[in-house]
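Since the structure comes first, as structure tokens, the remarks are kept for the end.
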Amino acid sequence: MVFSTLMDKKERGFLDGQFLIAMPGLANSAFERSVIYICAHSQAGAMGFIINRGQQITFTDVLLHLKIMDSNDAIMLPNRTRDFPIQFGGPVETGRGFVLHSDDYSSESSIPVSDDISLTATLDIVRAISNGRMPQRATMLLGYAGWAPGQLENEIANNGWLNCPASEELIFDRSLDDKYERALALMGVDPRMLSAQAGHA
């Protein structure tokens, strides 16, 4: 599903602003132990970002690749800018960068995702961050997760995912290793109690 189509939000689905938490049945898949923040859900499909998977690439690498600055200028960047988090957002368009951020930054291309969180997928925010005009909270994600119409609902019905209201604190938390367990804790779920089998009455 095309990103721009999904983010043209004239309607909101029941999964908008929710976390998807992978069930054990998704082991050995691209979504194993994933926590996904759903940014858009409608009859056109759904899209969101994995928020608990790191990347080897650094923000400096991004700036050099995009030719926003050269290596001499990059050396002079403050630690806060150099350490700006880059994560794997999902298997769709992995060469494309998206920045989820607090609403204290806004440009013409910023899209409100919730009352407090926006999404910007253009170079202006990368330049702003490199110049020290960083949102209070932000993370860059390479790629996204996308579902065709009805696909995600079907996966949930088949015990692929749990869902619960998203936590802004968890979205921007840089500690990734235990984010899966902490997301489950939002629902009061112990990961040891999860079953890979779907239950049908």
query = Residues THR94, THR58, THR81: which one is loosely packed, with under 15 Cβ neighbours inside 10 Å and either among the polar types (S, T, N, Q) or in contact with a helix residue (DSSP H, G or I) (Cβ under 8 Å, 6 or more places away or on another chain) (or both)?
reply = THR94
1 or more residues surrounded by fewer than 21 Cβ atoms within 10 Å (Cβ to Cβ) and of a type in the set (Val, Ile, Thr): qualifying strands (runs of 3 or more DSSP E) within the range 108-175 = 138-147
key: Positions within the range 176-196 being touching a strand residue (DSSP E or B) at 6+ places or on another chain (Cβ under 7 Å) and either among the polar types (S, T, N, Q) or open to solvent by less than 30 Å² (accessible area, probe 1.4 Å) (or both), in sequence order   = LYS179, TYR180, ALA183, LEU184
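The values are calculated or read from the model by the stated rules, or taken from the named source; none is laboratory data. The structure presented is a predicted model; accordingly, all values stated were derived computationally and were not measured. Positions of Cβ are generated from backbone atoms using ideal geometry, with glycine treated the same way; all protein chains shown enter the neighbour counts. Just so you know, the surface numbers come from the protein's heavy atoms only, side chains and all, with ligands and any DNA or RNA stripped out. Shrake-Rupley method; radii C 1.70, N 1.55, O 1.52, S 1.80 Å.
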